[in-house]
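The values are calculated or read from the model by the stated rules, or taken from the named source; none is laboratory data. Everything quoted here is computed from the prediction, not taken from an experiment. Cβ: placed from backbone, ideal geometry, glycine included. Neighbour counts: every protein chain shown.
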Amino acid sequence: DTAVSQTPKYLVTQMGNDKSIKCEQNLGHDTMYWYKQDSKKFLKIMFSYNNKELIINETVPNRFSPKSPDKAHLNLHINSLELGDSAVYFCASSQDKDTIYFGEGSWLTVV
Amino acid sequence: GENVEQHPSTLSVQEGDSAVIKCTYSDSASNYFPWYKQELGKRPQLIIDIRSNVGEKKDQRIAVTLNKTAKHFSLHITETQPEDSAVYFCAASAYNQGGKLIFGQGTELSVKP
């Protein structure tokens, strides 16, 4: 029943590895987002897709690459992980860029 | 671009008291102002929102006010309960910017029984 679901919930990996986080929404929304929450709890947008088209790309290292195979899915791939990438990554969705609903978050720890 | 400032960063109140959290924004094009509550280890959850054509909105013990001229908006929680303890975030967005939400820094509310 989960509206916005993301996997994995927890991920511990070594520096230099490549990892992916997957997100799916069953709300029928046309816009999906990736937000990053750092250790100070600050929430910052990374990317947004509207009907599979990238519409927001904030100042994010190009090691981060989003992919939207269809409007219900938005995945995040991270290459060459660094210690500073440790954070909680939230997927979210909205209809027509309106109210945003968040997924449960993916806790990434880079060691 | 938009910048949202939120105060205070921490707030401690006695159960039954009121709590007020204030935010200011910089972009006059912003027209949507949601508030999210985030409990420890959980996702941010929308608790109330207000649009720029409205000055005040209430939902039971929660109310939000918006002053477009001064570019500030506030969250008011009355009759606080221990389960209100969480981090609260204000945010602002403009439709013509792709619905991008810019968040405030968060307020950690602690309600003491």
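In the range A:51-73 there is no residue that is in contact with a strand residue (DSSP E or B) (Cβ under 6 Å, 6 or more places away or on another chain) and touching a residue at least 60 places away in the same chain (Cβ under 8 Å). Is it the case that A:Gln6 is touching a residue at least 60 places away in the same chain (Cβ under 8 Å) and either of a type in the set (Ser, Thr, Tyr) or within 14 Å of chain B (Cβ to nearest Cβ) (or both)? Judged against the criteria, A:Gln6 is a match. Looking only at residues of the range A:14-48 that are facing chain B (nearest Cβ under 10 Å) and of a type in the set (Ser, Thr, Tyr), we find that the one that is nearest to B:Lys42 (Cα to Cα) is A:Tyr35. I'm trying to understand the selection: among the residues of the range B:60-107, which are within 14 Å of chain A (Cβ to nearest Cβ) and surrounded by fewer than 16 Cβ atoms within 10 Å (Cβ to Cβ)? Once the filter is applied, which keeps residues that are within 14 Å of chain A (Cβ to nearest Cβ) and surrounded by fewer than 16 Cβ atoms within 10 Å (Cβ to Cβ), the range B:60-107 yields B:Tyr95, B:Asn96.
When the range A:102-111 is examined, which residues are found to be facing chain B (nearest Cβ under 7 Å) and surrounded by fewer than 21 Cβ atoms within 10 Å (Cβ to Cβ)? Hit for the range A:102-111 is A:Glu104, nothing else. B:Tyr25: closer than 24 Å to A:Gln95 by Cα, within 12 Å of chain A (Cβ to nearest Cβ) and among the hydroxyl-bearing types (Ser, Thr, Tyr), yes or no? The answer is no for B:Tyr25. Could you say whether any residue in the range A:45-60 is under 17 Å from A:Val110 (Cα atoms) and modelled with pLDDT of 90 or more? No, there is no match, as no residue in the range A:45-60 is under 17 Å from A:Val110 (Cα atoms) and modelled with pLDDT of 90 or more. Residues in the range A:71-101 that are within 9 Å of chain B (Cβ to nearest Cβ) and among the basic types (Lys, Arg): A:Lys97 alone. Within the range B:56-91, the set of residues being assigned to a strand (DSSP E or B) and among the β-branched types (Val, Ile, Thr) comprises B:Ile62, B:Val64, B:Thr65, B:Ile77, B:Val87.
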